[in-house]
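Everything below concerns the one structure shown next.
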Amino acid sequence: MTAPVQQPPTSAWSMYRAIVGIGALCGLLIVTVYQTTAARIRENQERFLAMAVAQVLPAAHSTLGVALTEDERLVKTTDTDALPVFLGYDASGNLVGAVVTAEGMGYQDKIRVLYAYSFDLDAIVGFKVLDSKETPGLGDRIEKEAHFLANFEKLDATLTSDGDALLHPIITVKQGQKTSAWELDGITGATITSEAIGNILNNSATVWAPILERDAQAFAIAEVAEDQ
Amino acid sequence: MSEVSNWSIFVDAALINNFVLAYFLGICPFFGVSAKLETAVRMGGAVSFVMLVASVCAYSINLLLDAVNAPYLRIISYILVIASTVQLVEMLIRKISPATFRAMGIYLPLITTNCAILGLALFQTNRGYGFTSAVVYALGAGAGFALALVLMAGVREKLDLANVPNLVKGTAAALVVAGILSMSFMGFAGLGR
Amino acid sequence: MPGKDVSATDDFVKGLWRDNPVFVQVLGMCPALAVSNTAINALTMGLATTFVLVMSGMSVSALRNFIPREARIVSFICIIASFVTAVDYVILAISLELHRSLGAFIALIVVNCLILGRAEAFASKNTVARSTLDALGMGVGFTVALLWIGVVREILGSNSLFGVALFPDAFQTWTVMVLPSGGFFAMAMWLLLVNWLKTRQTETRSQIQESTP
């Protein structure tokens with residue numbers, strides 16, 4: 001039986017050549033695919049967001065992206081933020097509401113939601129789950145269950161007299177025990193997810209409602225007419 | 001913004017959303033090494049350690065990638081770091097305890113392909129955990145993985161001595177046990193909140 | 001040459017049944033259980049994995065004389081990771097919804113022991129043509145196995161197939177099937193079936209052998 005052939009030790013050059021070569025090829029592949037798909041991906045995201053905004057604030061004919069400056073003032077923006085916020089205007093350019101993205105930890109993973117805030121009613125009037133990985137059949141009922149979605153016909157978000165915070169924090173209660181307009185009727189069997197939604201909305205509205213009430217009117221029709 | 005306390009992150013990773021039983025990460029070693037209790041304990045320890053190192057590295061790499069705005073390099077850089085860490089751990093174990101090294105055999109280098117570690121790095125990045133939260137998350141995940149492994153090994157050792165039909169022996173039985181374990185862990189929901 | 005042709009088709013076919021990655025080799029279980037809660041997820045994951053398998057198999061095979069022995073694993077990992085990153089962005093471009101339901105598991109294709117295993121065991125030692133066939137066979141076998149699990153889980157757990165509702169509402173869905181436990185149970189069930197069929201195959205084969213003089 002012949003002895004096993006001894007392989008000559010690999011030269012440093014062939015190691016170097018291989019690693020750098022492979023690295024370069026891989027890098028090229030990744031960057032090419034990234035560049036080719038970037039435009040399409042952005043398009044997809046914008047289309048999805050536009051559709052979602054139309055769903056929660058149907059009265060809005062056009063939207064204006066806004067963001068917060070460092071000293072918490074509202075400013076116009078065209079950047080696609082991770083959590084975009086929009087002001088919605090009807091066909092005559094009147095401010096009909098604001099659409100805010102918010103996210104927070106659910107049972108399984110982060111939940112991202114979109115909600116519409118009405119200046120006239122001082123309440124949340126639209127709600128849509130953008131991204132959730134909650135348990136199918138249990139947590140994901142927040143997306144479809146009729147009695148839960150009915151919460152958002154007019155979820156109270158009135159501010160305190162000095163306009164700095166919510167008068168009544170948004171809170172989730174057990175299913176069937178909702179007594180006040182600022183309470184969220186939860187889903188039995190999906191307590192953690194329902195409570196998570198309550199927290200997400202409360203945290204977000206506490207930050208955004210005061211700022212929107214204070215600054216949004218300044219973004220008048222003229223600005224919108226410019227964009228169109 | 002950490003509205004979730006570190007303790008709740010730990011409990012979540014270890015029990016409620018156990019990496020093996022809820023997220024299906026680390027299944028290959030879970031079934032491969034859980035036949036004997038002793039190897040299970042060692043594997044659990046090795047994986048926990050790699051998870052910790054990987055988590056810290058992932059956090060730093062992510063800071064770097066954000067700075068140069070190259071998110072597409074995430075997957076490749078994470079996996080390369082994990083592969084190197086496993087290599088390091090291998091050398092360490094060989095030096096410190098050659099007996100353990102021999103006992104673990106092929107499963108040590110296979111930690112590289114343990115989806116639990118890459119999964120940990122990716123989840124922590126997606127959730128935007130800060131440094132302490134990331135470390136706590138890694139510790140919780142490692143503890144949960146080790147726990148699931150040890151539980152599984154305990155049951156399988158007993159099962160080996162039982163009168164199991166030939167068809168069901170081995171992986172099929174292990175899968176059913178895993179399913180039942182997974183269901184029982186669902187009972188932890190709501191803990192630590 | 002008939003011998004060469006047989007081995008070429010064999011390269012492809014063995015991945016489908018005899019060496020099925022999920023049910024025989026028991027590799028790539030993480031995604032098999034995690035994303036098989038609906039049939040469409042299972043199908044997408046299977047196709048994405050097949051793509052990475054084939055592309056990395058081809059690349060590894062084409063570069064096999066260029067990669068020194070010591071740098072094997074690192075090179076394979078680099079190549080696989082690049083194709084996985086590519087697939088990740090392509091799926092994002094195709095459909096946000098799909099990408100969301102698969103989540104982190106697209107990225108986790110890179111640690112699918114199946115891909116690294118095939119690269120190491122086959123692609124690094126065979127021609128590009130054979131490696132492609134092997135990868136294709138394994139990929140198709142993997143996708144089919146995933147689909148089996150996915151179909152069972154979706155029908156029993158969500159009363160639908162590929163999103164199309166099936167039985168009337170009176171059918172109580174077995175929610176457990178779309179939960180992680182259901183994944184384990186569904187796979188155990190199929191594994192049992194496959195084992196039983198294989199045992200019968202070997203039994204009939206040995207019976208035939210005994211009866212022939």
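Here are some notes:
- Residue by residue, the range C:49-62 carries 3J(HN,Hα) couplings of 5, 4, 4, 4, 4, 5, 5, 6, x, 4, 5, 4, 5, 5 Hz when phi is fed to the Karplus relation 6.51 cos²θ - 1.76 cosθ + 1.60 (θ = phi - 60°); x denotes Gly or Pro.
- Helix A:191-215 axis, angle to chain A major axis (alpha carbon atoms, nearest 10°): 70
- Each of A:Leu68, A:Leu114, A:Gly163 was scored by the projection of its Cα onto the charge dipole of the range A:57-227, and the greatest displacement toward the positive side belongs to A:Leu114; charges sit on the C-beta of Lys, Arg, Asp and Glu.
- Our coupling estimate for the range C:105-115, obtained by passing each phi through the Karplus curve with A = 6.51, B = -1.76, C = 1.60 and θ = phi - 60°, is 6, 5, 4, 6, 4, 5, 9, 5, 4, 4, 5 Hz, Gly and Pro reported as x.
- Dimensionless Rg over Rh [the protein assembly as shown; C-alpha; Kirkwood]: 1.01
- C-alpha long axis of helix A:12-56 to longest principal axis of chain A, angle in °: 20
- Farthest toward the positive end of the dipole of chain A, out of A:Pro84, A:Thr172, A:Leu138, is the Cα of A:Leu138, where the dipole comes from beta carbon charges about the Cα centre.
- Label zone at A:Leu68, where the point sits 7 Å out along the Cα-to-Cβ direction: the range B:1-45 residues whose backbone N lies under 17 Å: B:1-4
- At 0.890 mPa s and 25 °C, Stokes D of the range A:57-227 from Kirkwood alpha-carbon radius, µm² per second: 149
- Within-13-Å neighbourhood charge of C:His99 [Cβ basis; K, R +1; D, E -1]: 0
- Computed about its Cα centre, the charge dipole of the range A:83-171 is approximately 280 debye, with only Lys, Arg, Asp and Glu carrying charge at their Cβ.
- Inter-label distance, nm, simple model (7 Å from Cα along the C-beta direction), A:Asp215/C:Ala62: 5.2
- Simple Cβ-charge dipole of chain B, Lys/Arg +1 and Asp/Glu -1, about Cα centre, in debye nearest 20: 360
- Short-range pairs are left out: with C-alpha atoms under 8 Å and at least six residues apart, the relative contact order of chain C is 34 percent.
- Inter-probe distance in nm under a simple model that places probes 7 Å from Cα toward Cβ, at A:Met15 and C:Phe167: 6.2
- Here the label points at A:Ser92 and B:Val41, each 7 Å from Cα along the C-beta direction, are separated by 7.9 nm in the simple model.
- Gap separating the Cα centres of the range C:123-200 and the range A:122-181, nearest whole Å: 38
- B:Val56/A:Glu43 FRET efficiency (R0 51 Å; Cβ-Cβ; nearest 0.05): 0.85
- Of B:Arg102, C:Arg130, B:Arg94, the sequence from fewest to most neighbouring Cβ atoms within 10 angstrom is B:Arg102, B:Arg94, C:Arg130.
- Backbone HN-Hα couplings from phi across the range C:8-21 [Karplus 6.51/-1.76/1.60, Hz, Gly and Pro as x]: 5, 5, 4, 3, 7, 5, 4, x, 6, 10, 4, 10, 3, x
- Angle in degrees between helix B:171-185 and the longest Cα principal axis of chain B, rounded to the nearest 10: 60
- Among B:Leu181, B:Val68, A:Gly186 the positive-end extreme of the charge dipole of the protein assembly as shown (Cβ point charges): B:Leu181
- Summing Cβ point charges (Lys, Arg +1; Asp, Glu -1) relative to the Cα centre of the range C:112-193 gives a dipole of roughly 280 debye.
- For the segment B:121-132, counting C-beta atoms of other chains within 10 Å of every residue's C-beta and taking the mean gives 2.
- The range A:57-227 - percent relative contact order, Cα under 8 Å, separation 6 or more: 18
- Taking a ≥ b ≥ c as the square roots of the eigenvalues of the Cα gyration tensor, the range A:1-121 is classed as prolate, since a/c reaches at least 1.5 and a/b is larger than b/c.
Throughout, read-outs are computed from the coordinates displayed, never taken from laboratory work. Note that the structure is predicted; figures quoted are calculated from it, not measured. Cβ: placed from backbone, ideal geometry, glycine included. Neighbour counts: every protein chain shown.
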